[in-house]
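Below is one structure, written out as structure tokens; the observations come after it.
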Amino acid sequence: MRRSVVVDTSVRVLFLSILVLSLYFLFAGHNQPGGGFVGGLVAGAAIALRYVAGGVDEVRSALPLRAQTLLGLGLLVAAVTAAVPIALGHDVLDHAYVETTLGALGDIKATSALPFDIGVYLVVLGLIMMMFEAFGDEISFDETIGEFSPEPGQTPTAPASMEMYDLDLFAELAERRRLSDRHEGSPGGERP
Amino acid sequence: MSVLVAFIAAVLVSTGTWLLLQRRLSRIIVGVGLLGHAANLLLVVSGGRRGRAPLVDLDGVEVYSDPLPQALALTAIVITFGITVLLLGIGFRAWQVDQDDVVEDELEDRYLARRLEVDPDIADEVEAERAQAAEEGRR
Amino acid sequence: MSGLVAVPIVAPLIAAALSILVSRWRNAQRAISIVTLGALAVIAVVLVLDLDDSGGIIVAQAGGWPAPLGISLVVDRLSGIMLVTSAAMLLGVLVYSIGHGGVERTQAAFHPVYLVLAAGVNASLVTGDLFNLFVSFEMMLVASYVLITMGGQRERIRSGMTYVVISLVASTFFVVVLALLYASTGTINMADLAGRIAQLPDGVQLMFALSLLAVFGIKAGLFPLFSWLPDSYPAAAAPVTAIFAGLLTKIGVYAIIRTQVLLFDPDVRPASLLLVVAALTMAVGVFGAIAQNDVKRILSFHIVSQIGYMIFGLALFTVAGVAAAIFYTFNNIILKTTLLMTSGLMERRGGSTRLLRSGGMIRTAPLVGLLFALPALSLAGLPPFGGFVAKFSVFDAGVGSREWAVVAVAVLVSLMTMYSMNKIWSGVFWGEPEQPSEHEPRDGGRLGGPVLMVASTAALVVMGLAVMIWARPLFEFTERAAIELLDRRVYIDAVLRPTP
């Protein structure tokens, strides 16, 4: 794959800034536009830029974790956040918040909805990375299917695949024929 | 304005349905997507008239827009998004297997249809044909 | 106790997340799944036992938001017994799938997806909010889409696609109905809706009743919306077919029972339409089964046919009828799962489930024969099995409501069910093997299959027999469930009651 210097360099700059933006959305989400899903999608856009620049390998190297791990971690965080109130004797998904003043940072309001949002963020990000890994490769035949895949170089057509079924059909019909020749009812209880 | 949205939903449903009835998976996927959009639009409209204040910073606002349909629509959009990805995955796999994405008739249906066609009296010919086909397959 | 209500939804999701994280170690995944589903079965039983102390209904409000605003989670007797049954089935089929190998062994995604399916099933049963029901259905269905096409063979993709697209159309229609409902009533909490729908004009109410029936009718496989079912189920891997056949359509039936009884006044419910649909579903399903030559397909058509009985019971809208429908539903979940599990055993042993290709299995695998015969006789409604109790209660309720025509159809259909079970029996178990099967029996020797598969099937067969032994207390339980369902105030008051 040929890589363009312009795209490469600008993606290098943009990638991290977009990730920061996605984090902003994630944290602003509690009572302003944003949230885990939106943040995750924006982070996914950053990943998409990496894909544009360098294909799937670039996506894989974008983050240190595998896509499944991100997805699993996210789901774990979200589900555990939902479950913790049950353990504490409240209703599921119940939430609480603390407000403190952190010197120069000003007032900070931390809600227990935040871990849930972080979970959603990770799930969306993991899903998008999985998408690129699944569909982003150079499209190739799956060798494991073997018998089904057509000869290389041959233009495959749908009827080629149907032949296999028809063989089955003929075998079935021939079998019925043989059974009726022997004047036996077929075991299925019906005659051809 | 709601009439316009309803009209758009109607157009989306009709195009979506038409695409859904095609034999190619790629078209079916687009059709499902369009149908999903139509349903989500209807969800948004179900919240009532447009132009009302949102549910934040309600200083002196008497009438505000109902946030619930928007939340529902967002949920439905997320689900549609996930399902579209899944359908693309299945379509991709179908293409990997067949280099084609035509949805074929079910084997058993073809078998039943064939059973009506093939007279047992000519089953010998069928058998011959089968042997020939098997031979070709061996080659 | 209300804290426990959400556990059946949250626990499998946590387990699914853990299962994804350990996707490289299959044994760890197995342990997580078994422990979770086993715990779920215990929790479901605890919830049901607790119902008596809590007035027959346990309510939790998600996030602590009071009822019409937030999402209510409700366990009453109907959802309780469904929770117990489905948890047992999920556990049984999981063990079966571990013995089966196949997709469970080759696909790292099997366990997480299966757990999400469990979460979706439980959420559908527990939720008291119509939109949340949609979300739960989607959770369950998306997992089922993955499971049905898992492995990616051509036939699976083709038949899976039919299933996926039809379910998606149903789901989209569901969203449209929800939008209309919300536009006309301003709520989607089922308890709240029950009161508000009654204020709408009769025609609009009927429209909602019919639309919801159509939506869930597709998922349940009612006539004339069932055509996707016999096409798609047999193509999936054996454990997947078993859990789908047992659970998914019955969750649709559950949704029909819940929505039709709870949301609509007695004079708006489409009772006579439901009766006709029930009779046609029974008859068409069984005719379809008779025309088939493949065990899995015969059984798939029987799923449709059996749904008819449940809808028949419901359509009477009497205590006896609804009680019979509930009894029939959970009994049928057990039977259908077991039957499809044995068909998987036959496939493994004989290399095919085609009747013409197999035969003589009673000599090579007598245990499989026994495991098939018990639920099959029960399904056909022979005394003294649980299926007889279920069928008899449906007939009895029908006679009580003087629906002679439908009762006659139901009796005829049971006879034909018997006939087609016989057909499987004589095709697979009697006679000589027509040809030495191309697939040599891989293992299992005397048992007729891998130990885990046979053992889990046997456990569920025993569960089916337990229904027969404890038929009386179970029926009394479903009767109370029906009384509380039909007296809608129990549910509505419990959900809308302000939380202390």
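Applying a DSSP loop filter and a limit of 13 other Cβ atoms within 10 Å to the chymotrypsin sites (Phe, Trp or Tyr not before Pro) in the stretch C:452-500 leaves C:470. Counting only lysines at least 8 places from residue C:250 when in the same chain, those with an alpha carbon closer than 21 Å to its own are C:219, C:296, C:336, C:391. Per atom type, the stretch A:5-140 shows carbon and sulfur on 70% of its accessible surface, probed at 1.4 Å.
Kirkwood hydrodynamic radius computed over the stretch A:5-140 comes to 16.2 Å, based on all pairs of distinct alpha carbons.
Report in % the part of the accessible area of the stretch C:95-136 that belongs to carbon and sulfur, leaving out ligands and nucleic acids; probe 1.4 Å. After summing per-atom areas, the C and S share lands at 60 percent. Test of the criteria: in the stretch C:218-281, which chymotrypsin sites (Phe, Trp or Tyr not before Pro) are in a DSSP loop and have at most 11 other Cβ atoms within 10 angstrom of their Cβ? Here no chymotrypsin sites (Phe, Trp or Tyr not before Pro) fit, given the DSSP loop and packing criteria.
The largest-to-smallest principal axis extents of the Cα set in the stretch C:97-197 are 51, 25, 14 Å.
The longest stretch of chain C left intact once loop-based trypsin sites (Lys or Arg not before Pro) with at most 15 other Cβ atoms within 10 Å are removed from consideration, loops following DSSP, is C:25-401. In the stretch B:58-78, burial by the other protein chains removes 40 Å² or more of accessible area from B:68, B:72, compared with the chain on its own (1.4 Å probe, ligands and nucleic acids ignored). Rounded to the nearest 500, the 222 nm mean residue ellipticity of chain C from helices alone is -24500 deg cm²/dmol, with -39,500 (n - 2.57) taken per DSSP H run of at least 4 residues. Once the Kirkwood radius over Cα pairs is known for the stretch C:270-469, the Stokes-Einstein relation at 37 °C and 0.692 mPa s delivers a diffusion coefficient of 192 µm²/s.
At each listed q (0.12, 0.18, 0.20, 0.25 Å⁻¹), what is the log10 of I(q)/I(0) that the Debye formula gives for the stretch B:9-75 modelled as equal alpha-carbon point scatterers? Scattering profile of the stretch B:9-75, log10 relative to I(0): -0.44, -0.70, -0.77, -0.97. Based on Cα contacts under 8 Å between residues 6+ apart, chain C shows a relative contact order of 17 percent.
Going from the isolated chain to the complete set of protein chains, the stretch B:81-100 loses at least 50 Å² of heavy-atom accessible area (1.4 Å probe) at B:81, B:83, B:85, B:86, B:90, B:92, B:93, B:96, B:97, B:98, B:99. Centre-to-centre, using Cα atoms only, the stretch C:201-237 and the stretch B:13-84 are separated by 23 Å. For the chain pair A and C, the interface hides roughly 2800 square angstrom of accessible area in total, found with a 1.4 Å probe.
Relative to one another, the C-alpha centroids of the stretch A:85-124 and the stretch C:28-105 are positioned 28 Å apart.
From largest to smallest, the equivalent ellipsoid semi-axes obtained for chain C from the alpha-carbon gyration tensor read 35, 26, 20 Å. Here the label points at residue A:104 and residue C:105, each 7 Å from Cα along the C-beta direction, are separated by 6.2 nm in the simple model. Taking the Cβ of residue C:481 as the center, what net charge do the other residues with Cβ under 9 Å away carry, scoring Lys and Arg +1 and Asp and Glu -1? Charge balance in the 9 Å sphere: -1.
Under 20 Å from a label point 7 Å along Cα→Cβ of residue C:462: give me every residue in the stretch C:58-95 with its amide N that close. Within reach of a label on residue C:462: C:84-95. Heavy-atom accessible area buried between chains B and A is around 3000 Å² (1.4 Å probe, both sides summed).
Surface burial for B against C, with a 1.4 Å probe and both sides summed, reaches about 3000 Å² of accessible area. The stretch C:122-142 and the stretch A:39-60 have Cα centres lying 33 Å from one another. Burial annotation for the stretch C:1-30: residues with an accessible-area loss of at least 30 Å² between the isolated chain and the complete set of protein chains, computed on heavy atoms with a 1.4 Å probe, are C:3, C:10, C:13, C:14, C:17, C:20, C:21, C:24.
For residue C:291 and residue C:469, a Förster radius of 41 Å and the Cβ-Cβ distance give a FRET efficiency of 0.70, rounded to the nearest 0.05. Over all pairs of distinct alpha carbons, what does the Kirkwood formula give as the hydrodynamic radius of the stretch C:247-357, in Å? Computed over the stretch C:247-357, the radius equals 14.9 Å.
Probing with 1.4 Å while keeping every protein chain in the model, the per residue accessible area of chain C equals 30 Å². Among complete DSSP H helices in chain C, those whose alpha-carbon atoms stretch at least 27 Å along the helix's long axis and whose mean Kyte-Doolittle hydropathy reaches -1.0 are C:26-51, C:77-100, C:130-149, C:154-185, C:271-291, C:295-316, C:319-350, C:404-424.
Net charge within 13 Å of residue C:254 by Cβ-Cβ distance, Lys/Arg positive one each and Asp/Glu negative one each, not counting residue C:254 itself? So the surrounding residues net to +3.
Segment residue C:196..residue C:214, full-extension length gain: 4.4 nm, with 0.36 nm per residue of separation and the alpha-carbon distance subtracted. Per residue of C:175-185, other chain Cβ atoms within 10 Å of the residue Cβ number 6 on average. Taken residue by residue and averaged, Cβ atoms of other chains lying within 10 Å of the Cβ of B:34-42 number 4.
The values are calculated or read from the model by the stated rules, or taken from the named source; none is laboratory data. Model, not experiment: these values are computed from the prediction. Cβ sites come from the backbone with ideal geometry, for glycine too, and all protein chains shown count toward neighbours. Note: accessible area is taken over every heavy atom of the protein model, side chains too, but ligands, DNA and RNA are not part of it. Shrake-Rupley method; radii C 1.70, N 1.55, O 1.52, S 1.80 Å.
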